[in-house]
1. Could you pull out the residue among Phe55, Phe71, Phe21 that is assigned to a helix (DSSP H, G or I) and within 19 Å of the chain's Cα centre (by Cα)?
2. With more than 16 Å from Ala56 (Cβ to Cβ) and β-branched (Val, Ile, Thr) as the only criterion, which of Thr218, Thr225, Thr235 stands out?
3. For Thr154, state whether it is modelled with pLDDT of 95 or more, crowded, with 19+ Cβ neighbours inside 10 Å and more than 22 Å from Val16 (Cα to Cα).
4. Hey, Gly247 hits all of (1) of a type outside the set (S, T, N, Q); (2) modelled with pLDDT of 85 or more; (3) more than 12 Å from Phe55 (Cβ to Cβ) but one; which does it fall short on?
5. Under the condition of being among the small types (Gly, Ala, Ser) and more than 15 Å from Ile126 (Cβ to Cβ), which residue from the range 175-214 is surrounded by the fewest Cβ atoms within 10 Å (Cβ to Cβ)?
6. Among the residues of the range 181-210, write down those that are of a type in the set (A, V, I, L, M, F, W, C), within 16 Å of Ala131 (Cβ to Cβ) and either at pLDDT below 95 or not in a helix (DSSP H, G or I) (or both).
7. Can you tell which of Arg174, Arg213, Arg178 is out of contact with any strand residue (DSSP E or B) (no Cβ under 6 Å at 6 or more places or on another chain), outside any helix (DSSP H, G or I) and either on the phi > 0 side of the Ramachandran plot or not hydroxyl-bearing (Ser, Thr, Tyr) (or both)?
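The values are calculated or read from the model by the stated rules, or taken from the named source; none is laboratory data. As the structure is a computational prediction, the values presented were derived from the model and not from experiment. Because the Cβ atoms are built from the backbone with ideal geometry, glycine has one as well, and the counts that use them run over all protein chains shown.
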Amino acid sequence: MNAVRLQGIVFCAVAVITVGFSVLLAPMNPRHELVLVALLVVLLGVPHGALDPIFAQSLQRIQGRARWIGFVVLYLLLAALAVALWWLMPTLFLIGFLLLSVLHFSGDPAPGAGFAARLLYGIAVIALPAALHATELFRLFSMLVGSPAALHVTAGLQLIAWPSVLALALLVLRDARRDRLAALEMAAVGLLALMATPLLGFAVFFCGMHSARHILRTQKYASVTPQRLFLVAVTPMLAVLAMAGAGWALLPDSPPDERLLQFVFVALAALTVPHMLLVERVRFTGWKHSV
């Protein structure tokens, strides 16, 4: 069994445990949950994006200090544009971020998955929380972009949530004949998004499936040891943490919960834009080196 399939099994187990806790235990204190999610995303989720220099070097043949400086400046400029969009046009920012997330997360399933299955997988991560947790989703979106935008986006997600549940269930039943583990992963992602609270469900998915799988695929793509991956990621992670400290100070004065939520997800959206421009090129070539 290869590392990616083992990671899939571990994720499914963690997802089921998370759903069990969510159903059987009383909800966490919202502030405690937000702090936990922030720590998980920063410590276990964001590091997969710190491996982007591997793809930059492979795709752009970047060599020399001047070209690396140019790459970093462009990367930060794209991230800054995403932050500016949140500041100036929050509704467009939220819709764009959710659509980009659907596309980006659709890369997680195994190579044999078709376009429809991948699209439904990405939609499930974003839309299924609105089926049973629309009120909480509206509260979170309101803190992120304000109530008017949150109302429209939540209503839109509610419209597609239950049809997506049905479509995902049919997809799982169909794919169980072809690849049981792939079907189990789909089911676990759907169950997690449907039953767990939106924040916790997202954090477990983002760290346990998306980030972990990306790291494993990157290691295979680059043919390097885990130690080498760690060394590659150290400098970008330290830079992200330094900029995060500055970003926290620049956020508008607001209640602590709202400020922390904005800090985590606006930063995540900002980093997603340049990250996707690199990674999606690799993904659409089947994780093969360019020639």
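1. Result of the check over Phe55, Phe71, Phe21: Phe55.
2. The conditions single out Thr225.
3. yes
4. It is condition (2) that Gly247 fails.
5. Filtering first and then ranking leaves Ala176.
6. Ala196
7. So the residue among Arg174, Arg213, Arg178 that is out of contact with any strand residue (DSSP E or B) (no Cβ under 6 Å at 6 or more places or on another chain), outside any helix (DSSP H, G or I) and either on the phi > 0 side of the Ramachandran plot or not hydroxyl-bearing (Ser, Thr, Tyr) (or both) is Arg178.
Table: residues versus (1) among the β-branched types (Val, Ile, Thr); (2) surrounded by fewer than 19 Cβ atoms within 10 Å (Cβ to Cβ); (3) within 22 Å of Met195 (Cα to Cα); (4) out of contact with any Ser or Thr (no Cβ under 8 Å at 6 or more places or on another chain).
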| residue | (1), (2), (3), (4) |
| --- | --- |
| Val73 | yes, yes, no, yes |
| Trp86 | no, no, no, yes |
| Phe97 | no, no, no, no |
| Gly107 | no, no, no, yes |
| Ala117 | no, no, yes, yes |
